[in-house]
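Nothing in this text is a laboratory measurement; each read-out follows from the coordinates by a stated rule. Since the model is a prediction, treat every value here as computed from it, not as a measurement. Virtual Cβ from ideal backbone geometry, glycine too; neighbours counted across all protein chains shown.
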Amino acid sequence: MPATPDDLFARLDALGVAYTLYPHPAVHTVAESSAVTAHIPGLHCRNLFLRDKRGAQLLLTVGNATRVDLKRLAAHLGTGRLSFGSPERLMEALGTTPGSVSPFAVLHDAARAVTPLLDAAMLGAYRVAVHPLVNTATITLAPQDLVRFIEACHSPPRVITFPL
């Protein structure tokens, strides 16, 4: 059974991570999110669940304004062609659905089958804003704490500088 936001908050608390939770109506796209969460401080992020032609799975978290060229990203990573993973694969690998994808979803990846990737611009932000496993809230935290969470639950994320 997938972890709940309360499970996530308990894990963040156990790690001593300071965060702020902002409940809001459900959002499914960056455009919807921008309209609803404009008042929330921090670098707002989006997430791309990707897979290469060999089946390797990636979770890329970037700032909302960051342009991602999948061909260049594949060349940079040394993978084959990248495409978006299906909703079924997303649920199987990360226990979440489109619109609710978050770097916190690595909490569900006990098999470590998904490689977490972060936009280097995130690390220079004062705060980052991401979903807490659901699309009805946004959580803000220091980027170093997000990295610490990913390392504690999964493995160190690979940091990528855009544009490629």
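For the chain, the longest principal axis of the alpha carbon atoms and the long axis of helix 143-153 meet at an angle near 70°. From largest to smallest, the equivalent ellipsoid semi-axes obtained for the stretch 101-160 from the alpha-carbon gyration tensor read 17, 15, 9 Å.
Put in line by how crowded their Cβ is, counting other Cβ atoms within 10 Å and starting with the fewest, TYR19, TYR126 read TYR126, TYR19. Placing +1 on the Cβ of every Lys and Arg and -1 on the Cβ of every Asp and Glu, with no other charges, gives the chain a dipole of roughly 660 debye about its Cα centre.
Of the trypsin sites (Lys or Arg not before Pro) found in the stretch 12-116, the ones in coil according to DSSP and having at most 14 other Cβ atoms within 10 Å of their Cβ are LYS53, ARG54, ARG67, ARG81, ARG112. Using a Förster distance of 41 Å, how high is the FRET efficiency between ALA38 and ALA111, based on the Cβ-Cβ distance and rounded to 0.05? About 0.65, to the nearest 0.05. Between the stretch 50-106 and the stretch 7-34, what is the C-alpha centre distance in whole Å? Measuring centre to centre over Cα atoms gives 20 Å.
Would you report the distance distribution of C-alpha pairs in the chain as whole percents per 10 angstrom bin, up to the bin with the largest distance? Answer for the chain: a P(r) of 11, 43, 38, 8, 0 percent.
On average, how much area does the Cα convex hull of the stretch 1-78 cover when viewed from any direction, in nm²? Write down the numbers at each step before the final one.
Numbers: hull surface 30.3 nm².
If you wrap the Cα atoms of the stretch 1-78 in a convex hull and average its projections, you get 7.6 nm².
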